[in-house]
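Below is one structure, written out as structure tokens, with a few remarks after it.
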Amino acid sequence: MLKEFRNFILKGNMLDLAVGVIIAGAFGKVVTAFTDILLAAIGKIGGQPDFSSYKPEGFPIGVFLNSVISLLMVGFALFIVVKAYNTAKARFEKSPEAAPAAPPEPTAEEKLLTEIRDLLKQK
């Protein structure tokens, strides 16, 4: 049983998953801080960053407004991160270090077939 557990833990996918979860938790804190900054900026402009007390005609829609604004800001933050990742990935793929290798030399059969084709074209 201990051997099976050790094999399970030492698999590469398990380690990748653990790293991904840890990074996701840290990234979640960054996105939350970004959302707080934007809500504070909205508060400076509009005078009220927290809409939870907003209740027109007694309907408590302020909490819903806070959630929608937070969703939009988190989506915007994720869009910026994905856009930056795609840009960096495209630059890396176009770099000279990542250039594709030259095509392989034609085989003897391909060379022979090319010669036959050229001879037939001459006739």
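All of the numbers you see were taken from the coordinates with simple rules; none came from a lab. These numbers come from a predicted model, not from an experiment.
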Item to complete: Before rounding to the nearest 500, sum -39500 (n - 2.57) across all DSSP H runs of length at least 4 in the chain and divide by the residue total; then give [θ] at 222 nm in deg cm²/dmol.
Response: -26000 deg cm²/dmol
Worksheet item: Where does helix 62-94 land angle-wise versus the long Cα axis of the chain, in degrees 0 to 90, nearest 10?
Response: 20 degrees
Practice prompt. May I ask for the Rg/Rh ratio of the chain, computed from Cα atoms with Rh as the Kirkwood radius, given to two decimals?
Written response: 1.38
